[in-house]
Structures are given as structure tokens and as C-alpha cells.
Amino acid sequence: MGVMDWFKRGVGEMMVARPDDAKSQVVWKHPDQTIPMKSQLTVEADEKAVFFRDGKIVKVLDAGRHTLDSSNLPFLSNLVDSFTGGNVFIAEVFFVNIREHTGLKFGGRIGHVEDPKSGIPVECMVHGEFSFRVTDPEHLITGLVGMGRAESYTVRSWMKEQVLKVLRDRIAELLVKNKWPLLDVTSGAYTEEVEKDVLAGLDKHVASYGINIARLGNFVIDIDEDDSANLKRLYTDAAYLRTVGGVGAYREFAAGKAMMGAGEGMAKGGGGAGEGGGGALMGGAGLGVGFGLAQMLVRDPMGGERLAPAAAGIVCPNCMQNVAAGKFCGGCGAELATRQTEAKAGAGFCTSCGSLLSPDAGFCGQCGSKRE
């Protein structure tokens, strides 16, 4: 029915409400800007109706049934179309859902994050759900949705991007600032702390659009399986080092593991050319890695849990600890003069495992490292 038909026949009652198939949409725009006076506007308990004219907000109506008549809604007098003799008003009406919308899934890469305990960069991912609610319908329409026919998926898509962006920044910052081991984070030990910090960070990104991210639900921070296995091995080896008491004991442990790896490689065809030769070579390299790791994995002298490089020095022949050069061992008090004398005579010490080197040695006879 056109405007002139209403005018000729007398304006009949019109129902203005969000249809059932649009109930789940965040924003729904009434398709007709021409609304007869005395129409019945129904606003549900979980929504608000926003009136616009010429791109400007005129009025926001709360839940209830409203008779659209300028006598009880004075703002309508500014919307009346004079051509119809005051029987019709012109306005754009938006229905905005203000309930909490739950179950919005998100996921993606966080990127490489350094594990504070080991110093190793690890590829991290995150996935989960979040919920949001509209706190200011006017700002949502003017700032984000626009005056066109609103599509709710654009609002949800934009918010997923914001959630993931803030998660990337905040998780990396929390790990560094609080020195949380990545394996503890992936186990869910800090879920509440991460959620609280992320929600606070999200507020400044979405509040100006009249949106509040209410909560994160069932979100998981995860790392690559190979990275997880490597970290577990590193943590286990470091714990062993602290338990047995020193670099010397760990050197034997690391060398034993490397020897076992070399033996397995040779048993599969080691020693010869081709793949077998490569396996034997990797077994030899494993020895050097084992001894090198013994030098690296010592408890942080500052008392933290980070695995720090061992201080430069020599290995005491009595207690096998890595100690500073001097006349006596700082660990057990044994005399170091004999080794120092040998070093001055042209012998020297291996920078990887601390073993004494002969004057003409190009490689360490204990760990295979190249002489420096």
C-alpha cells in the first residue's frame, strides 16, 4: 500500500517489530522508512529501538509496546511528513539486541613467543570462544554498523579480529613480565589471569563502538607438539642437573644419552657412507651437543628458574665443577695450580667441556669440539 492509498483510505494500524527470523541478529533495520501514525511498535525485553532522521539520532525507545503518535511521543512531531497531512512520519528504525551473545568461536596464531624458563622461541596458537553485549546502541550504529542494511556477521567478524589481536599482544607480554613457563600456560594454570588481562585490554578497542566483551570461554593456548616435547625434555634434564648437583654430574648424564643415540645410529647402518655414515656423524655431533648442554644448563645465579649459560672458567679435576680460574677450586678447595701450569706450557682447556688439551690438539679428545 502506498502513501497516497493510506491518505485516501484513512491510515490503518501497522505493526512495527523485529520478525522472528531476525531475532538472533545484533542489529536489524526496519525495511520501510514511511510509517503511518498510530502504528504499534513492539520492542522486546532484550532490545532497543533507535530512530534516525537524516542520519541523526532522534530517539531510543526501551522495551514495551508503543503507539506511534505525536501526542504521547512528542519527538515524532519532528518526523511528520507534511505531504500526508500529518498522517505519516518518515524515519529509519533500527532494532538492536542488547542481550549477551555467547559461543562466538575464534582461533589463530599468536606467533613465536620466547619461553621465559628456557629462552627458546616457541610457536603458539590460541582458540576458544567469547561473548559480548551491546552497551550503547547509538554508537554501535553510527560507529561500526552504518546506516545501510545491517549485517550481523560483519559485527561478529570484526570482534573476532579484535579478540585475537589483543590475545597476541597480551599473552606475549604476560609471559615476559611474569616469567610464566610456557608449559604451565598451556596446561591452563594461568587461564583466569590471562582472561582478566585480555578483557581489560579489549575494552579500549571496543568500548567506543558501544560494545563490551563480557567473557572468554573455553579458550586454549597451545604450542606445536614437537616444541612441547623439546621443552619437556629440556625441563627434565635441567631438573636432573639441579638434583644431582653440578655440571660434572650432568656431563656424564648428557654424554651417556649422546652415546646411546650414537649407538642406535650405528646399529641402523652406522659408520659407512650414505645414510649410515650420516647417522654416525650425527651420533658424534650428539656427543658435542650433550657436553655443550652441560655447560649451558645451570641454575640461574640470581635464584630464578631460567636456564642460564654457565660462567666461563675451568673444570676442577677433583669435583668436576665449572669454576673460575685461580690457584684453588672455588667449589671444593682443591689445588688448581697443576692444571694452570700445564695450560701455560701450551696445553689449554676446551671451551665446551673444560677438559685439558694437549699443545698440538686441534679438537677436544673428550667432546670433539674444535679448539678455539
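The values are calculated or read from the model by the stated rules, or taken from the named source; none is laboratory data. Note that the structure is a prediction, hence the values are computed from the model and not measured. For neighbour counting, all protein chains shown are included, and Cβ atoms are generated from backbone atoms with ideal geometry for every residue, glycine included.
Annotations for the structure displayed:
- Taken together, the residues in the range 178-228 that are at pLDDT below 85 and part of a loop (DSSP other than H, G, I, E, B) amount to 1.
- Positions within the range 12-44 being among the aliphatic types (A, V, I, L, M) and either at pLDDT below 90 or under 36 Å from the mean Cα position of the chain (by Cα) (or both), in sequence order: Met14, Ala22, Val26, Val27, Met37
- Any hit, the range 155-177, residues being touching an Asp or Glu at 6+ places or on another chain (Cβ under 6 Å) and either in a strand (DSSP E or B) or in contact (Cβ under 8 Å) with a residue 40 or more places away in the chain (or both): no
- Selection status of Asp46, surrounded by fewer than 16 Cβ atoms within 10 Å (Cβ to Cβ), of a type outside the set (Gly, Ala, Ser) and either in the same structural domain as Leu144 (by TED's automatic domain parsing) or more than 30 Å from Arg215 (Cβ to Cβ) (or both): no
- Members of the range 110-140 that are assigned to a strand (DSSP E or B) and crowded, with 19+ Cβ neighbours inside 10 Å: Ile110, Val113, Val122, Cys124, Val126, Phe130, Phe132, Val134
- Considering residues of the range 45-71 that are of a type in the set (Gly, Ala, Ser) and at positive phi only, the residue nearest to the chain's Cα centre (by Cα): Gly55
- Those residues of the range 115-129 which are of a type in the set (Gly, Ala, Ser) and closer than 26 Å to Asn218 by Cβ, in sequence order: Gly128
- All positions within the range 108-146 that are touching a His at 6+ places or on another chain (Cβ under 6 Å) and closer than 30 Å to Lys56 by Cβ: Phe132
- Filter result (closer than 28 Å to Ile213 by Cβ and not in a loop (DSSP other than H, G, I, E, B)) within the range 11-43: Asp20, Asp21, Ala22, Val27, Trp28, Lys29, Val43
- Count of the range 49-80 residues, restricted to those that are small (Gly, Ala, Ser) and either under 25 Å from His101 (Cβ atoms) or not assigned by TED's automatic domain parsing to the domain that holds Pro19 (or both), is 3.
- With respect to the stated conditions, Asn78 fails to be surrounded by 14 or more Cβ atoms within 10 Å (Cβ to Cβ) and of a type in the set (S, T, N, Q).
- So Gly103, is it touching a Leu at 6+ places or on another chain (Cβ under 8 Å) and closer than 30 Å to Leu182 by Cβ: no
- Residue that is surrounded by the fewest Cβ atoms within 10 Å (Cβ to Cβ), among those in the range 179-193 that are in contact with a Phe, Trp or Tyr (Cβ under 8 Å, 6 or more places away or on another chain) and in contact (Cβ under 8 Å) with a residue 24 or more places away in the chain: Thr191
- Hits in the range 55-82 - residues which are touching a residue at least 12 places away in the same chain (Cβ under 8 Å) and either assigned to a helix (DSSP H, G or I) or β-branched (Val, Ile, Thr) (or both): Ile57, Val58, Val60, Thr67, Phe75, Leu76, Asn78, Val80
- Residue within the range 102-109 that is touching a helix residue (DSSP H, G or I) at 6+ places or on another chain (Cβ under 9 Å) and surrounded by 17 or more Cβ atoms within 10 Å (Cβ to Cβ) present: yes
- Scanning the range 129-170 for residues that are at pLDDT 90 or above and small (Gly, Ala, Ser) yields one hit, Ser131.
- Residue tally, condition of a type in the set (A, V, I, L, M), exposed (fewer than 12 other Cβ atoms within 10 Å of the Cβ) and in contact with a helix residue (DSSP H, G or I) (Cβ under 9 Å, 6 or more places away or on another chain), over the range 211-234: 0
- Ser208, sole failed condition from (1) more than 29 Å from Lys232 (Cβ to Cβ); (2) surrounded by 15 or more Cβ atoms within 10 Å (Cβ to Cβ); (3) not charged (D, E, K, R): (2)
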